[in-house]
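Notes follow once the structure below has been shown.
Bear in mind that the values in this text are calculations on the coordinates, not laboratory data. The model shown is predicted, which means the values in this text are computed figures rather than measured ones. Because the Cβ atoms are built from the backbone with ideal geometry, glycine has one as well, and the counts that use them run over all protein chains shown.
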Amino acid sequence: MAVQSLNPVRVLAVTGGKGGVGKTNISVNIGIALAKMGRKVTLLDADLGLGNVDVLLGIKPRKTLQDVFNGDATLNDVSVPGPQGIRIVPAASGTQDITRLSPKEHAGLISAFSEISHQMDVLIIDTAAGISDVVTNFLRAAQEVMLVVCNEPTSITDAYALIKVLGQDFHMDHVRVLANMVRSDEEGRKLYEKLVRVAERFLDIRLDYVGYVPFDEHIRRAVQKQKAVIDLYPQAAASKAITKVAESVDGWPLPAKPSGHLQFFVEQLLTA
């Protein structure tokens, strides 16, 4: 199966090791920031079973990924418009059996992206928390992995556990780290350096610092209003930091071949 795409597609998986680190908020706001820069963005809610991208944005989708699995809809049918023109593919929230995908179902989900590959420049995958097979399959297949981590012991421990699995079990050699809900860039870098020291000592994997997003009361207010902070409060410290991270993401190298990394992503996921 080949994915036909006229332009290279950047495939970014955003993950967190544990819940509560702000991973979905980061995914949504980076997607919107990239859209403001003129990129065509599709956001896949890959938290299969407890998806909440639609809840975060106050969107009520009529169809979800469950309909794609059932053969009742295509991804074009399922995807809904979000802020700044991003397209959102909602997960099936609260559906337990979808968290245990068969290889055929998993392949069917990703192969469905061949239909809409020409409609995107960036595919952002908001993974579930933890290190389940579904999560690691998405991370292994993506072109770039962004690990969101907070400055608290459980977040650091779980982030390291995820890095260890990716490095030792799946031989991944590169993960990007975003420090979230910290007080300053200095605190973010110190948090990143903690992970680097452990990873360099025990693992053959490179960690790159993407940047930081500060703790900002505007984020809580935006969540309460079911809006993205970057839209509702564009001058907030968090919004400015997210824009800076998105500019960094936009500058990362793109795949050289015209088919881009979407084809590679599909093939990798099929063989995961």
Legend entry - Hits in region 116-166 - residues which are touching a helix residue (DSSP H, G or I) at 6+ places or on another chain (Cβ under 6 Å) and among the aromatic types (F, W, Y): Y160
Legend entry - Matching residues in region 37-65 - criterion: being more than 14 Å from the chain's Cα centre (by Cα) and in contact (Cβ under 8 Å) with a residue 60 or more places away in the chain: M37, R39, K40, G49, L50, V55, L56, L57, G58
Legend entry - All positions within region 136-180 that are part of a helix (DSSP H, G or I), touching a residue at least 60 places away in the same chain (Cβ under 8 Å), over 21 Å from A238 (Cβ atoms) and of a type in the set (G, A, S): A141, A161
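A quick yes/no check of all residues on (1) within 30 Å of D169 (Cβ to Cβ); (2) assigned to a loop (DSSP other than H, G, I, E, B):
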{"residue": "D208", "(1), (2)": "yes, no"}
{"residue": "R221", "(1), (2)": "no, no"}
{"residue": "Q226", "(1), (2)": "no, yes"}
{"residue": "Q235", "(1), (2)": "no, yes"}
{"residue": "A238", "(1), (2)": "no, no"}
{"residue": "A241", "(1), (2)": "no, no"}
{"residue": "V249", "(1), (2)": "yes, no"}
{"residue": "W252", "(1), (2)": "yes, yes"}
Inset, instruction - Could you please let me know if V198 is more than 25 Å from P8 (Cα to Cα), surrounded by fewer than 20 Cβ atoms within 10 Å (Cβ to Cβ) and not basic (K, R)? - result: yes
Inset, instruction - Please enumerate the residues belonging to region 158-177 that are of a type in the set (F, W, Y) and within 14 Å of E200 (Cα to Cα). - result: Y160
